[in-house]
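Let me begin by presenting the structure, written as structure tokens, before commenting on it.
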Amino acid sequence: VYVDFEEPISLRVFAATRQAVYESLDGGESWLERFRLPAGTTAPALATNGAHDPTLLLGTDQGLWAAFDGGRQWTSSFSGSAQGQNDCTHVSFHPGRPDTAFLGTRHGLLVSRDGGHAWQAAGLPEAARRIIGVAADWHQPDRLFVTADSGLYVGSLERGEWQRRLIN
């Protein structure tokens, strides 16, 4: 769920179910379907950059879908070639860098520095393949906390240096 508190007239909310993305312009009183997933696809993750005309990223079990115009037009934005890379588990935007987005999959972590258009591997250790979640440090924007099936990893997005802090 995404809530836009800057909308002057009404409260704008985006929400995803397992099969569709919806938008409310009246604080959740009524909903419009903005995107219906292809048959047999489910969506566990939705993120937006919070802009006035936001980018929406929808992580699914068949790859990533994106709308770069506030949810009006959707396109397949990422489909990995490695086993498990299409199975998205997490998607988010960096809170201090709105053009930086994170895509967690069952095959690793990908980073976009152009708002979700192009993606590259984050360089996590092999043991950290099945991503559960990602959080950025507000005080050190280059520092990330990544949870994976194998534990918690802390590292530098720019330097690609990672340390496992907790083991599952």
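With loop defined by DSSP as not H, G, I, E or B, and exposure as at most 11 other Cβ atoms within 10 Å, which is the longest segment of the chain clear of exposed chymotrypsin sites (Phe, Trp or Tyr not before Pro)? Intermediate values should be presented prior to the final figure.
Details: sites that count: Phe5, Trp138.
Of all site-free stretches, the longest is 6-137.
Given R₀ = 30 Å, what would the calculated FRET efficiency be for Trp31 paired with Ser76, taking r from the Cβ atoms and rounding to 0.05?
Working: r = 24 Å, r/R0 = 0.80.
That gives a FRET efficiency of 0.80.
Pairs of alpha-carbon atoms within less than 8 angstrom and 6+ residues apart define the contacts here; what relative contact order does the stretch 19-67 have, in percent?
Values: 71 pairs, mean separation 12.6, N = 49.
In percent, rounded to a whole number, it is 26.
In the stretch 22-119, what percent of the accessible surface is made up of carbon and sulfur (1.4 Å probe, ligands and nucleic acids excluded)? Could the numbers behind the result be given before it?
Values: 1920 of 4290 Å².
Accessible surface attributable to carbon and sulfur in the stretch 22-119 totals 45 percent.
What list of ³J(HN,Hα) couplings, whole Hz, do you get for the stretch 93-104 from phi and the Karplus terms 6.51, -1.76, 1.60, once you set θ to phi - 60° and write x for glycine and proline?
3J(HN,Hα) across the stretch 93-104, in whole Hz: 9, 5, x, x, 9, x, 8, 9, 10, 10, 10, x.
Please give the per residue accessible area of the stretch 28-168, computed with a probe of 1.4 Å over protein heavy atoms only, in Å².
Values: 6990 Å² over 141 residues.
Computed with neighbouring chains in place, this is 50 Å² per residue.
Amide H to amide H, which residues 5 or more places from Leu37 or on other chains are under 5 Å from it, using H placed in the peptide plane?
The list, which skips near neighbours in sequence, is Ala20, Val21.
Test of understanding: what is the full-extension gain from His52 to Asp99, defined as 0.36 nm times their sequence separation minus their Cα-Cα distance? Before the final figure, lay out each step's value.
On the way: separation 47, 0.36 × 47 = 16.92 nm, distance 1.39 nm.
This chain segment gains 15.5 nm when fully extended.
So for the stretch 1-123, considering every pair of alpha-carbon atoms, how many percent are separated by more than 27 Å? Don't skip to the answer; put the middle values down first.
Values: 1019 of 7503 pairs.
For the stretch 1-123, the share of Cα pairs beyond 27 Å comes to 14 percent.
Please state the relative contact order of the chain as a whole percent: Cα pairs under 8 Å, 6+ residues apart? Don't skip to the answer; put the middle values down first.
On the way: 433 pairs, mean separation 18.6, N = 168.
RCO, the chain: 11 percent.
Taking GluC sites (Glu not before Pro) as candidate sites, keep only those in a DSSP loop with at most 15 other Cβ atoms within 10 Å, then name the longest stretch of the chain containing none of them.
On the way: sites that count: Glu6, Glu29, Glu158, Glu161.
In short, 30-157.
The values are calculated or read from the model by the stated rules, or taken from the named source; none is laboratory data. Just so it is clear, the structure is predicted and the values come from calculations on it, not from any experiment. We place every Cβ from the backbone using ideal geometry, glycine too, and count neighbours over all the protein chains shown. Please note that ligands, DNA and RNA were not included when accessible areas were found on the heavy atoms of the full protein model with its side chains. Shrake-Rupley method; radii C 1.70, N 1.55, O 1.52, S 1.80 Å.
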